[in-house]
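Read the structure below first, then the notes.
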Amino acid sequence: MSESINSSSGSNQFNDEFLALREANVQLGSRIRTKVRQMEEYNKRIPTSKDALIASITCIGKCIDSLESALTKNRVVIDRRVNPPMLVSTSRDLTNDKLRSNAKLLLDHFKEHTLQYFYNAFFPPVTAPDYEVVTKFAIFSSHLQECESLFDRVM
């Protein structure tokens, strides 16, 4: 009798930990979406300097690279994948308008493609086996926390 109580409480503890982990990652995903919207507004501001726009482009590029490398490393297959824009320049010789355009191009790709691929691959469904959940949430949180930190440093 005490064995079934212990296994039941262990299962409840895992479910509680799983729910807390899921909620933490839902909140992280929400913060990232907010940061993307804030970055869009930041890049649109007229007084944004060339250095700030270059930092924004670099930040977004690093986030795309981080999430894309996690997808590749974990052999995630994506049907109808749209590859990130290549050769987005951060040259100081470019006008602010061109730098803004480059930042928008990368940010649009990040939110419309890379981020969606990443969410689909690493935010496990409720029906996922327990061992997959912890691994996927760890990948999800580590890469998105890195992006969150990069966004915070730029803005």
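Of note:
- Computed about its Cα centre, the charge dipole of the chain is approximately 780 debye, with only Lys, Arg, Asp and Glu carrying charge at their Cβ.
- Degrees between helix 130-154 axis and first principal axis of the chain (Cα, 0 to 90, nearest 10): 30
- Trypsin sites (Lys or Arg not before Pro) restricted to segment 91-127 and DSSP loop, no more than 14 other C-beta within 10 Å: 92
- Taking Cα atoms only, the orientation of helix 50-73 departs from the longest principal axis of the chain by about 40 degrees.
- Of the residues 30, 96, 86, the one whose Cα sits farthest towards the positive end of the charge dipole of the chain is 96 (charges of +1 on Lys and Arg Cβ, -1 on Asp and Glu Cβ, taken about the Cα centre).
- Computed over the chain with a Gaussian network model linking Cα atoms closer than 10 Å, the most mobile of 126, 88, 134 is 126.
- Per residue, the chain exposes 60 Å² of accessible surface when a 1.4 Å probe is rolled over the protein heavy atoms with every protein chain present.
- Each residue of segment 98-112 is assigned a 3J(HN,Hα), and the resulting list reads 5, 5, 4, 4, 5, 5, 5, 4, 5, 5, 4, 5, 4, 7, 8 Hz, derived from the Karplus form 6.51 cos²θ - 1.76 cosθ + 1.60 (θ = phi - 60°), x at Gly and Pro.
- For segment 17-88, the Kirkwood estimate of hydrodynamic radius, built from reciprocal distances between every pair of different alpha carbons, is 14.8 Å.
- Normalised alpha carbon radius of gyration of the chain [divisor 2.2 N^0.38 Å]: 1.28
- For segment 40-70, the set of trypsin sites (Lys or Arg not before Pro) satisfying both a DSSP loop assignment and a count of at most 16 other C-beta atoms within 10 Å is given as 45.
- Once the Cβ-Cβ distance of residue 89 and residue 30 is raised to the sixth power relative to R0 = 41 Å, the FRET efficiency obtained is 0.80.
- Helix 2-44 vs. the chain, principal-axis angle (Cα, 0 to 90°, nearest 10): 10
- Residue of 21, 53, 99 that the Gaussian network model of the chain assigns the largest fluctuation, springs spanning Cα pairs under 10 Å: 21
- Carbon and sulfur %, accessible surface of the chain computed with the full protein complex present, 1.4 Å: 54
- Segment 27-84 - charge dipole about Cα centre, Lys and Arg +1 at Cβ, Asp and Glu -1, debye rounded to 20: 140
- Whole-number percent relative contact order across the chain, with pairs defined as alpha carbons under 8 Å at least 6 apart: 37
The values are calculated or read from the model by the stated rules, or taken from the named source; none is laboratory data. Computed from a prediction, not measured in an experiment: that's the story for all the values here. Please note: Cβ atoms are built from the backbone with ideal geometry, for glycine as well, and neighbour counts cover all protein chains shown. Areas reflect the complete protein model, heavy atoms only, side chains present, ligands, DNA and RNA absent. Shrake-Rupley method; radii C 1.70, N 1.55, O 1.52, S 1.80 Å.
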